[in-house]
1. Could you say which residue among 102, 139 is of a type in the set (Gly, Ala, Ser) and in contact with a helix residue (DSSP H, G or I) (Cβ under 8 Å, 6 or more places away or on another chain)?
2. Being without any contact (Cβ under 8 Å) to a residue 24 or more places away in the chain and of a type in the set (Lys, Arg) narrows it down to one of 132, 121, 152, so name that one.
3. Collect the residues in region 154-169 that are closer than 21 Å to residue 231 by Cβ and either among the β-branched types (Val, Ile, Thr) or surrounded by fewer than 23 Cβ atoms within 10 Å (Cβ to Cβ) (or both), keeping them in residue-number order.
4. Please verify whether region 175-193 includes one or more residues that are within 10 Å of the ligand (Cβ to nearest atom), in a loop (DSSP other than H, G, I, E, B) and not polar (S, T, N, Q).
5. Quick check on residue 97: is it assigned to a loop (DSSP other than H, G, I, E, B), at pLDDT 95 or above and within 10 Å of the ligand (Cβ to nearest atom)?
6. Do we find that residue 138 is of a type outside the set (Phe, Trp, Tyr) and either at pLDDT 95 or above or in contact with a strand residue (DSSP E or B) (Cβ under 9 Å, 6 or more places away or on another chain) (or both) in this structure?
7. Look through 114, 133 and report the one residue that is in contact with a Pro (Cβ under 8 Å, 6 or more places away or on another chain), over 18 Å from residue 15 (Cα atoms) and outside any loop (DSSP other than H, G, I, E, B).
8. Quickly run through region 1-23 and pick out the residues that are surrounded by 24 or more Cβ atoms within 10 Å (Cβ to Cβ), of a type in the set (A, V, I, L, M) and in a helix (DSSP H, G or I).
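The values are calculated or read from the model by the stated rules, or taken from the named source; none is laboratory data. Quantities reported herein were computed from a predicted structural model and do not represent experimental measurements. Methodologically, a virtual Cβ is constructed for each residue, glycine included, from the backbone with ideal geometry; neighbour enumeration extends over all protein chains shown.
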Amino acid sequence: MNSAMFDLTGKTALITGASRGIGAACAVLLAEHGAHVVITSRKQENLQQTTDTILAAGGQVTPIASHAGDTDATDRLLAAMEEGPGAPDILLSNAAANPYFGPMLEVEMSAVDKVIEVNLRGSFYLAREVARKMQRKDGGNIVLVSSVNGVRAGHWQGIYSISKAALMSMAKAMAREFAADGIRVNAVLPGLTDTRFAAALTQDEKILQGFLKQVPMNRIAQPEEIAAAVLFLVSPASSYVTGVCLPVDGGYLA
Ligand SMILES: NC(=O)c1ccc[n+]([C@@H]2O[C@H](COP(=O)([O-])OP(=O)(O)OC[C@H]3O[C@@H](n4cnc5c(N)ncnc54)[C@H](OP(=O)(O)O)[C@@H]3O)[C@@H](O)[C@H]2O)c1
């Protein structure tokens, strides 16, 4: 294994939800390894910090505001990429919604719709449209950000967990269907990670300690640790890996 195995020079990588957290860490790492990263979030100004970090390190980045649940916005995003850095060679579908924490018996259907719209429908549409473009190139690489909750449903995170299980199935189904076009599709399953998304769990000491009892490594993940697994999955180092759902979870699912 040499460093060329992780070289992304000349590749364009689209990363959704990259203004902070796991998406931002992935953008920084993939740019460090030579990719031109196109980063999205709902608000253009929220992308400034990740953009500045990548530029300061000498990387290439294009920030574009785009709502992951809006298929028209996704069409505009992909059109802007064709005009600019080029169609994606790499896609990390990372943006997600989790608007409800509580029992499924009480959930409003508007919250169910939001989770399905962003996590599932939006992710499916984006991956499908990107795969069409990759098919016309010489293949590509797609990673869907699922969650350990896709395997073991999170307490009071029922709808979110259902959406993350569906993403695992999507990675496998797409991996089978797209392999003939040279497109690999995998999923990464972060455990509890130190981001704003998980703050309700990580910043409540009682909830955190209850969760850590189930984590053999007895700590939560840093976003950079998830990014390292993503780098593996999108680089030549994993050239024979497709249809895999990779937990990065300190042993939580073991
Ligand atoms: N943190 C964890 O413990 C954990 C565990 C398992 C899986 N995950 C998964 O990891 C992924 C990233 O989560 P994170 O923890 O890094 O969260 P985070 O720090 O809250 O970051 C979420 C990112 O997504 C963007 N975003 C949110 N809704 C969006 C939308 N509709 N369209 C476009 N961008 C949107 C946010 O930017 P704006 O607010 O600027 O739009 C932000 O850049 C998610 O798929 C999540 O389910 C996280």
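1. Numbers: 102 fails: in contact with a helix residue (DSSP H, G or I) (Cβ under 8 Å, 6 or more places away or on another chain).
Among 102, 139, only 139 is of a type in the set (Gly, Ala, Ser) and in contact with a helix residue (DSSP H, G or I) (Cβ under 8 Å, 6 or more places away or on another chain).
2. Answer to the selection: 132.
3. 168
4. Scanning region 175-193 turns up at least one residue that is within 10 Å of the ligand (Cβ to nearest atom), in a loop (DSSP other than H, G, I, E, B) and not polar (S, T, N, Q).
5. So residue 97 fits the description; yes.
6. In short, no.
7. Numbers: 133 fails: over 18 Å from residue 15 (Cα atoms).
After applying the criteria, what remains is 114.
8. Correct list: 22 only.
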